[in-house]
Structures are given as C-alpha cells and as structure tokens.
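Just passing along the structure, written as structure tokens.
The values are calculated or read from the model by the stated rules, or taken from the named source; none is laboratory data. This structure is a prediction, so every number in the text was calculated from the model and none was measured. For neighbour counting, all protein chains shown are included, and Cβ atoms are generated from backbone atoms with ideal geometry for every residue, glycine included.
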Amino acid sequence: MKRKNIVGNNIRIIRIKKGLTQEALALESGLSQGYINQLENGKRLYTQKSLEMIAESLSTSIINFFKEDVNPKSQKNQEQARADKKYNKKELLSLLSSMPNHIIEHYITLIKLEKQILKGYQN
C-alpha cells in the first residue's frame, strides 16, 4: 500500500498558492531546492526544524501541513471509532510507559499537533 504524502503535498499546494517556486522557497527558508523537491515528492522525511523553517517562509502554521480532507463517517462508524478509541488509549499508555523520556516527549509533541489539527476540523 502506498503511503500518502500529506505533508509534502500540502507544502506544494501552499507554496503554489503563494506564487513561489521551489527555488524561492528554498532561498527564503534556508533549505536547499533539492530538499524541498524531495520533501514535496515524498522522497525525504521532514524534521520539526525544517517544517518550522518552511512554515515561517510561507507565513503559515505547521498544522496546515498535516491537514487531510476527512470524509464524514456514518453513525455506526462513529460508535465503533469511540469503542476503538478506549482500547487505543490503554494500548498507548502501556507502550509509552516502557519508553525513555525523550521518546515520550517526542510523542507528546506529535499528539499535541494532532489535537490542534482536529480542532481545526471541528471549527
């Protein structure tokens, strides 16, 4: 199964909407044009620092790089999702309890970003 390149696609969309080329974004962000190209095409992983640099250059929030169109779920699917959520919380807590602190901090940052993204969908 092919992974979605949500972050790279969103960076490209925002960059184009702002009328910037990859070269212009690279100059503005301090990153290389090759890095921007590989990131947009899903051939390179991003770092928090690189996303911060790109977001600042595009005058946007990092959260916008992670947004994905979500199809509304049926009532039955929503109920199943709630049931799964309870199980997933227990599993997550169990997994985190055995991790070193720096890993836990990383996941807390990611969860906070996800929470902000979900808030954006609800507004």
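State whether one or more residues within the range 52-63 are in a loop (DSSP other than H, G, I, E, B), closer than 18 Å to GLU114 by Cβ, of a type outside the set (A, V, I, L, M) and in contact (Cβ under 8 Å) with a residue 60 or more places away in the chain.
No, there is no match, as no residue in the range 52-63 is in a loop (DSSP other than H, G, I, E, B), closer than 18 Å to GLU114 by Cβ, of a type outside the set (A, V, I, L, M) and in contact (Cβ under 8 Å) with a residue 60 or more places away in the chain.
Out of LYS67, LYS73, LYS49, report the one residue that is at pLDDT below 75 and basic (Lys, Arg).
LYS73
I'd like the full set of residues that are more than 17 Å from the chain's Cα centre (by Cα) and surrounded by 10 or more Cβ atoms within 10 Å (Cβ to Cβ), limited to the range 92-123.
LEU92, LEU95, LEU96, MET99, ILE103, ILE104
Hey, another quick one. Within the range 35-54, take every residue that is more than 20 Å from TYR107 (Cα to Cα) and of a type in the set (Lys, Arg) and give me the one that is surrounded by the most Cβ atoms within 10 Å (Cβ to Cβ).
ARG44
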